[in-house]
Structure formats: C-alpha cells, structure tokens
Amino acid sequence: MGFTIRPVCKDCEYKTKSISIGGGRLSHLTNFGAPALNTESNEIEQINLYAYKKTVIVKKKFLYFFSKSIAIEIETMDEKYIPYYEPSMFTDDLKIENHYWGGKCFKKSKNFCPKCKSYSIDFIDEGIWFD
C-alpha cells in the first residue's frame with residue numbers, strides 16, 4: 001500500500017500538489033512513486049523510481065568457449081532528478097520521524113526547499129492510503 005504526502009515549506013510557504021509514495025497492490029512491481037527535486041525547473045515533483053534508473057551497456061564481449069556474447073551493464077541515474085532519500089536533500093537528525101516504503105526512507109521534516117534554499121520543507125501526511 002502506498003500513501004500520499006504534501007510538501008510544505010515553513011519559511012517561504014512553498015507548496016506543491018500531493019505526491020504519492022509507493023505503489024498499489026497491482027502496480028507495486030512497476031510503479032514506485034517518490035518525491036524528487038527537478039534540477040531544471042527547480043520544483044518538487046513525483047517520479048517513478050523504477051523508471052529513474054536506466055541500464056547502459058558498456059562493453060560487449062564474445063566468449064569463444066561457449067559461443068555466447070555477454071554484455072557488461074551499468075545502472076546510471078537520471079541527472080535531471082534528485083530523490084529526497086539522498087543525504088544531500090535533508091538534515092540528518094535522529095529525532096525526525098521517517099516515511100518508509102520499499103526500503104527507502106523519506107524524512108518527515110527538515111528537507112531541502114528549492115525556493116528559499118533552506119532545510120525547512122515538511123512532508124505532511126495527507127492520510128490517504130491507496131492500494
């Protein structure tokens with residue numbers, strides 16, 4: 001089950017629309033909604049973390065012994081977005097509660113605000129769980 005949050009800044013009153021974290025019962029294997037900072041538009045947006053990573057083939061090698069070719073692949077991140085589970089996007093304070101989903105941790109407060117450039121965004125629970 002996923003849930004929704006609403007980012008609100010305490011200092012500059014910056015707000016966005018609701019952002020879904022996680023996925024539902026039928027879509028949890030293909031959809032993992034998460035808040036992320038769009039570095040081009042300087043806005044907080046919802047992204048699909050499963051689509052956030054892409055696989056790039058670095059080198060193909062042909063094995064003569066087995067008559068097969070193997071590909072060396074590396075997962076790279078989309079540089080347009082910075083997810084809010086990255087350590088640079090929040091203040092590391094052990095007293096702050098967290099939102100957990102899919103092994104990722106999102107802090108409930110003291111997150112980076114793209115407008116006032118301070119760590120004052122709170123991820124407010126909207127109380128809506130979806131399945």
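The values are calculated or read from the model by the stated rules, or taken from the named source; none is laboratory data. All figures in this text were calculated on a predicted structure; none of them were measured in a lab. Neighbour counts are summed over all protein chains in view; Cβ atoms, including those assigned to glycine, are modelled from backbone coordinates with ideal geometry.
With the requirement that a residue be under 14 Å from the mean Cα position of the chain (by Cα) and of a type in the set (Ser, Thr, Tyr), what does segment 1-29 give you?
Listed by number, the residues that qualify are THR4, SER20.
If I filter segment 3-30 down to residues being among the β-branched types (Val, Ile, Thr) and touching a Ser or Thr at 6+ places or on another chain (Cβ under 9 Å), which single residue comes out as nearest to LYS110 (Cα to Cα)?
That would be VAL8.
Which ones in segment 73-87 are surrounded by 11 or more Cβ atoms within 10 Å (Cβ to Cβ) and either modelled with pLDDT of 85 or more or in a loop (DSSP other than H, G, I, E, B) (or both)?
ASP78, LYS80, TYR81, ILE82, PRO83, TYR84, TYR85, GLU86, listed by residue number.
For segment 1-22, which residues satisfy the criterion of being of a type outside the set (Asp, Glu), assigned to a loop (DSSP other than H, G, I, E, B) and touching a residue at least 24 places away in the same chain (Cβ under 8 Å)?
Correct list: MET1, LYS10, CYS12, TYR14, THR16, SER18.
Name the single residue, out of those in segment 95-131 being of a type in the set (Gly, Ala, Ser) and part of a strand (DSSP E or B), that is nearest to PRO7 (Cα to Cα).
Applying the filter and picking the extreme gives SER120.
For residues that are modelled with pLDDT of 85 or more, of a type in the set (S, T, N, Q) and surrounded by 11 or more Cβ atoms within 10 Å (Cβ to Cβ), tally how many sit in segment 10-59.
7
For segment 88-129, give me the residue count where each residue is aromatic (Phe, Trp, Tyr), in contact (Cβ under 8 Å) with a residue 40 or more places away in the chain and surrounded by 15 or more Cβ atoms within 10 Å (Cβ to Cβ).
Residues in segment 88-129 being aromatic (Phe, Trp, Tyr), in contact (Cβ under 8 Å) with a residue 40 or more places away in the chain and surrounded by 15 or more Cβ atoms within 10 Å (Cβ to Cβ): 4 in total.
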